[in-house]
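Below: one structure, written as C-alpha cells.
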Amino acid sequence: MVGMLLVLTLTTQPVLASMNLALDKGCLSCHGSPPRGKTPTFTQLAERYAPLKGQESQIKEKIKHLREHHLFGGVPAHERLSADEAGRFVRWLVDGGH
C-alpha cells in the first residue's frame, strides 16, 4: 500500500506542477472549458500530441516551435514561456495532458 501511494505521488506531482503552471500562466483563459474561439482545449492538444510519445527529436522541435510562434501563429502568451516551461507543457501534452 505504501509503495502504491509513493508511485501515485511521484506520478501525479509533475501533472500537478504542469496544471499549476497552466493556471499561473493564464493558459486556461484560452485553452480551458469552454475554449476561447477556435482555440483547442488541453484535451484536444493532448490528443494531437499523443503520437509524439517516444519521438524525442519531434518533441524538441515542438518545444522550439512553440516558443518561436511557428505552431500557432504568434500567440503573445507563448512568447512569455521560458524554454523550460515550454518543454514542460509539450511533454505534459504528449503524456496525455492530465
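Here are some notes:
- Label-point separation, LEU21 to GLU47 (7 Å along Cα→Cβ), nm: 2.4 nm
- Residue-count net charge about THR41 - beta-carbon cut-off 14 Å; Lys, Arg +1, Asp, Glu -1: +2
Read-outs throughout are calculated quantities, based only on the coordinates presented, and are distinct from any laboratory measurement. If you're wondering where the values come from, they're calculated on a predicted model, not measured in any experiment. Heads up, the Cβs are rebuilt from the backbone with ideal geometry, glycines too, and the neighbour counts pull from every protein chain shown.
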